[in-house]
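Below is one structure, written out as structure tokens; comments come after it.
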Amino acid sequence: MTRLTRDDVLKAVGNADDVTIARIIASGATVTELAEAQAWLTNDEPLMNAGKPLAIGRARELIDILSELEPAEDDEPAQPGPPSVPQE
């Protein structure tokens, strides 16, 4: 299995900065491990229901790195409300 290249990472994770890309490549992971990490991040329930063991090793490391790219639920923008009218 070949290790990840910058192009591999950019194809899979387009919104990553240079430091994150370097961390992913430095993990020594393969394209298959990156795909596994993305599958766990996208939706872990079907994988667990299928009896797949939790990710370990480099795939787990990639999950940790990639999860830093996802905005936290607290960071979501507030829903726009009615316009505020200044009180006189």
Consider only pairs whose beta carbons are under 6 Å apart and that are at least six residues apart or on different chains; among these, list those whose first residue lies in the range 18-29 and is within 9 Å of E61 (Cβ to Cβ) and whose second residue is polar (S, T, N, Q) and in a helix (DSSP H, G or I). none
Counting only residues that are over 16 Å from E70 (Cα atoms), part of a loop (DSSP other than H, G, I, E, B) and not hydroxyl-bearing (S, T, Y), how many does the range 2-19 have? 1
Among residues of the range 20-43, those that are at pLDDT 90 or above, of a type outside the set (A, V, I, L, M, F, W, C) and in a loop (DSSP other than H, G, I, E, B), counted: 2
Pairs under 6 Å by beta carbon, first residue of a type in the set (G, A, S) in the range 1-14, partner surrounded by 12 or more Cβ atoms within 10 Å (Cβ to Cβ), six or more apart or different chains? A12/L34
Anything in the range 44-60 that is modelled with pLDDT of 85 or more and touching an Asp or Glu at 6+ places or on another chain (Cβ under 9 Å)? List them, or say none. G57, R58, A59
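The values are calculated or read from the model by the stated rules, or taken from the named source; none is laboratory data. All figures in this text were calculated on a predicted structure; none of them were measured in a lab. Every residue, glycine among them, receives a Cβ derived from its backbone with ideal geometry; neighbour counts consider all protein chains shown.
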